[in-house]
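What follows draws every value from the coordinates through simple rules; no lab data is involved. These numbers come from a predicted model, not from an experiment. Using ideal geometry, Cβ is built from the backbone for each residue, glycine included, and neighbour counts are taken over all protein chains shown.
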Amino acid sequence: MNAAKPKGTKPAGTTPTGSAEPGAGVHDLADLVARNEIIVVAGAGGVGKTTVSAALGLAAAERVEGDTLVLTIDPARRLATALGVDIDGNDPVQVRGGLHAAMLDPGPAWDDLVAAVTTAEAAERVHANPVYRRIADTFVHGNDYAALGWLADAIDDDRWGLIIVDTPPSQNALDFFDAPARVESFFTSPLLGWLTGTGGGSVVGTAASKTFATFADRLLGAEFFGDIVEFFQLMQPVVPGMVDRTAAVADRLAADSSAFVAVTAATNEVLDRMQTLSAELGERELRFDGVVVNGVEPDVFADAKVIDVAQRITGQSSTSSPFNATHTALLAPGADYVAERATVARAQRALIDDIPAQRVVTVPRLLDAPTTVDALEELGRTLLGE
């Protein structure tokens, strides 16, 4: 990673979510882009998290030293759609200028991780095992673990001045922190050691193990059971290096050179999910460094003069309409809409003012979501306060 950026310190005034004074603080993310090497974007599904990640990447690419990489761990292909590029596999694809993007393909990422911590010959034997192939492609939490291995490669690459990580929806957003421990626990369980003869106290060769092997042969087939045993035997010397490498990345994400940004909507339900995610971060002694509230009613619906005219047209005010009867009748449907959205805007503003974060950026509700690189870049400039 680029060593030119300040490390070891967070921007002055940054406070954990939950401790900042609501309604006060910085209203852009420019300093997070300038002072960090990794930005993790998290949030509930359907709130525009991937769109924000892409937009932030486009804006950041013009400002950071070195290239910018946006990596999505989310299995959905929203990043490729948002950026209008064909992203296939783990190799970064150039989008525009210094911005590159990649979408995690967990199988090849597992292969790369194994290859990074053992010899070429040993990696080839692991890759050839059919049980490994199945686990690498479908292992529960495998995406999280593969993402850490992929991030390790990206962090080691000096070309990236900034890496933006687009996480899965909030219920899985922080699983990569726990992935190394899960994998280590799985591959070092006493049962697997007992079956494969790789753990202390193994009873391989005893009558009990022979009885189990005979039963497994009948149930699974001798070849498949043999593949299972071979797989775990092959993985025993590889797993410690994999765990060390991925645990180091998880630690890097918790370091001062990384920041967390939440994307949410201005509704009670979605904000409650964000607060739950914030609490999970807090358990790791981390916090959201910024919050992006998407889909906020445009400022016109908070304009007192606009609201006054709408209320006068609809008869909700003691003051009469400023227009004649014909024009008032024609304008009434539009005025009803303005009054309705003004009510929503007031409720949203009350919720936003209560968000306890130092940096809160609001993004207006748009008739059409940004679907072009130019539109995303414009959104990115908004996020950076331009």
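So here's what we get for this one:
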{"item": "Glu283-Thr319 pseudo-label distance in nm [points 7 Å out on the Cα-to-Cβ vector]", "result": "5.4 nm"}
{"item": "Point-charge dipole on Cβ atoms (K/R +1, D/E -1) for the range 300-349, about Cα centre, debye to 20", "result": "140 debye"}
{"item": "Diffusion constant of the range 232-281 at 10 °C, which comes from Stokes-Einstein with the Kirkwood Cα-pair radius and 1.306 mPa s, µm²/s", "result": "115 µm²/s"}
{"item": "Centre separation in Å (Cα based) which lies between the range 306-328 and the range 355-377", "result": "33 Å"}
{"item": "Peptides ranked, highest mean first, by Cβ atoms within 10 Å: ranges 44-56, 332-344, 239-251", "result": "44-56, 239-251, 332-344"}
{"item": "Förster radius 56 Å - calculated FRET efficiency between Ala347 and Glu121, Cβ distance, rounded to 0.05", "result": "0.30"}
{"item": "Equivalent ellipsoid dimensions for the range 300-349 as semi-axes, Å, which come from the Cα gyration tensor, largest first", "result": "20, 10, 8"}
{"item": "Surrounding net charge for Thr188, when Lys and Arg each add one and Asp and Glu each subtract one, Cβ distance under 14 Å", "result": "-1"}
{"item": "Rg(Cα) / (2.2 N^0.38 Å) computed for the range 247-337, rounded to two decimals", "result": "1.87"}
{"item": "Amide hydrogen neighbours beyond the local backbone of Glu297, cut-off 5 Å, H modeled", "result": "Arg365"}
{"item": "Rotationally averaged projected area of the range 229-386 (alpha carbon convex hull; nm²)", "result": "15.7 nm²"}
{"item": "Inter-label distance, nm, simple model (7 Å from Cα along the C-beta direction), Thr188/Glu65", "result": "3.9 nm"}
{"item": "Relative contact order of the range 237-291, defined on C-alpha pairs under 8 angstrom at six or more residues apart (%)", "result": "36 percent"}
{"item": "Where labels lie 7 Å past Cα in the beta-carbon direction, separation of Ala254 and Glu340 in nm", "result": "4.9 nm"}
